[in-house]
Amino acid sequence: MPIKLILLDADDTLWHNMRHFEVAEQAFTGLLATFAEAGIARSTLATIEERNLAHYGYGAKSFTLSMIEAALALGGADLPVEAIARILETGRNLLQHPVELLDGVGDTIEALAELGDLVLLTKGDLLHQEMKLAASGLGILFSAVEIVSDKTVETFQRLFARRSVDPAEAIMAGDSLRSDIHPALAAGAWAAFVPQPLAWSHEHAAEPVDQPRYRRLASLGALPALIAEINAM
């Protein structure tokens, strides 16, 4: 079946994202240096962030709340008020950083828009994701934008049903094995993994190398050729 529906992730697929969280985490560990060495501060933050996903979801605001909670866990009553103010400033910086497209993304999105129904499927904070998409200048090239709380098999199944598309006629491309690749494959779609150097540990998963509808790409720029290859089968 030829590909009719092309689904793309946003963060670290279209634009840089994790590099900004790395900067924020470095600022956090520096701020807490009096109370814990960097490794312990990172581990504490990671544990709290993972636990808070069920309550706050994904994104910079959730991360900021987790930094505050981790700082209180490490510093206790000795944590100065100024530290909380610095963490809030770090969180605001995450929300205000410029949107930087990955190399070649603009041309690739234009090409993909000619190949099928192009839909952005991303998770995270609604307002922040909308702001980043607007700043990217790519919004006009997508036929629809889906900002969801999480990406699950059911997320993909509902999307396919709403758009009246057979899963075998859809492909999902993104940098997360856990959120982009595995649920798309389980829903019956094709999936293209586009790994990035910086990856959040929460998104790690085994690579489904034995799955016939799975492909690993060196960059998003290889996706149009992959779609052409699938269409020729």
request  = Name every residue in the stretch 136-155 that is within 26 Å of residue 209 (Cα to Cα) and surrounded by fewer than 23 Cβ atoms within 10 Å (Cβ to Cβ), in order of residue number.
outcome  = 150, 152, 153, 154, 155
task = Search the stretch 44-64 for residues that are not assigned by TED's automatic domain parsing to the domain that holds residue 76 and pair each with any residue that is of a type in the set (A, V, I, L, M) and in a helix (DSSP H, G or I) when their beta-carbon atoms are under 6 Å apart and the residues are at least 6 apart or on different chains.
result = none
task = Looking at (1) surrounded by 17 or more Cβ atoms within 10 Å (Cβ to Cβ); (2) within 19 Å of the chain's Cα centre (by Cα); (3) assigned to a helix (DSSP H, G or I), find the lone condition where residue 41 falls short.
result = (2)
note = Log entry, pairs with first residue in the stretch 206-230 being surrounded by 16 or more Cβ atoms within 10 Å (Cβ to Cβ), second being of a type in the set (S, T, N, Q) and assigned to a loop (DSSP other than H, G, I, E, B), beta carbons closer than 8 Å, six or more apart or on different chains, reads 220/13
ask   = Somewhere in the stretch 71-90, is a residue within 19 Å of the chain's Cα centre (by Cα) and in a helix (DSSP H, G or I)?
value = no
query = With (1) of a type in the set (Ser, Thr, Tyr); (2) surrounded by fewer than 18 Cβ atoms within 10 Å (Cβ to Cβ); (3) at pLDDT 95 or above as the list, and residue 90 as the residue in question, which single condition is left unmet?
reply = (2)
task = Would you tally the residues in the stretch 85-140 being among the hydroxyl-bearing types (Ser, Thr, Tyr), more than 23 Å from residue 156 (Cβ to Cβ) and touching a strand residue (DSSP E or B) at 6+ places or on another chain (Cβ under 9 Å)?
result = 1
query = Which one of these does residue 129 not meet: (1) surrounded by fewer than 19 Cβ atoms within 10 Å (Cβ to Cβ); (2) assigned to a helix (DSSP H, G or I); (3) outside the structural domain of residue 23 (by TED's automatic domain parsing)?
reply = (1)
key: Per-region count, the stretch 142-169, residues within 19 Å of the chain's Cα centre (by Cα) and outside any loop (DSSP other than H, G, I, E, B)   = 10
message = Exactly one of these conditions fails for residue 102: (1) hydrophobic (A, V, I, L, M, F, W, C); (2) under 20 Å from residue 18 (Cα atoms); (3) free of Cβ contacts under 8 Å to residues at least 40 places away in the same chain. Give me its number.
response = (3)
key: Only listed residue being of a type outside the set (Val, Ile, Thr), part of a loop (DSSP other than H, G, I, E, B) and touching a residue at least 12 places away in the same chain (Cβ under 8 Å), chosen from 28, 35   = 35
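The values are calculated or read from the model by the stated rules, or taken from the named source; none is laboratory data. Everything numeric here is computed off the predicted structure, so don't read it as measured data. Note that we place each Cβ from the backbone using ideal geometry, even for glycine, and neighbour counts take in every protein chain shown.
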